[in-house]
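Throughout, read-outs are computed from the coordinates displayed, never taken from laboratory work. Here the structure is a predicted model, which means the values were calculated and not measured. In this analysis, Cβ positions are derived from the backbone assuming ideal geometry, glycine residues included, and neighbour counts consider all displayed protein chains.
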Amino acid sequence: MGVLNLEEIEPIKSEYSVTSKGKVLIGIVGVLFGYSLLTWLFAFSEIAAALISILTGVAFSVCILLWCHTDAAERNVKIGYGFRIAVILCAPIALAYYLFKSRGFIEGIVAFAKGFVFYLVVSIASGVFLMVLSLFDDRLGLLIID
């Protein structure tokens with residue numbers, strides 16, 4: 001029996017891997033579906049609804065910042081602290097700026113369009129999820145408050 005040298009073994013590469021950017025996109029899906037669920041659960045409280053909206057906005061901005069940071073690392077693009085603050089304050093405009101600066105005009109438009117379609121599809125899906133929850137609530141009387 002010989003000694004097993006781990007450097008000689010090639011790792012098995014899976015066809016199905018989730019990149020860091022993919023994990024952030026999954027996080028965005030979670031944020032939007034979480035928003036729908038929390039909106040349904042706390043539908044009768046104006047303060048809770050306002051707090052949920054604020055926290056969702058912050059979480060969404062942080063997800064966009066994480067995505068930009070990961071993409072910048074993959075593309076060897078440096079992003080400054082001012083950009084990070086801009087993402088937190090106004091994520092869609094900062095994302096558009098980053099995409100155009102990092103990819104050029106045509107690829108920036110394509111990337112922004114893909115991001116917009118992703119956001120639109122996930123928003124519609126989370127809205128349908130909220131409607132289904134509301135339908136169950138209406139039919140089953142789960143959250144009856146007198």
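Some values worked out for this structure:
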| item | result |
| --- | --- |
| Neighbour-count order for E46, E74, fewest beta carbons within 10 angstrom listed first | E46, E74 |
| Given charges at Cβ of Lys, Arg, Asp, Glu: the range 24-140 dipole, positive-most of A43, S53, G104 | G104 |
| Length added when fully stretched, L37-I124, from 0.36 nm per residue minus Cα-Cα | 29.9 nm |
| FRET efficiency estimate (nearest 0.05) - Cβ-Cβ, T19 to F136, R0 25 angstrom | 0.10 |
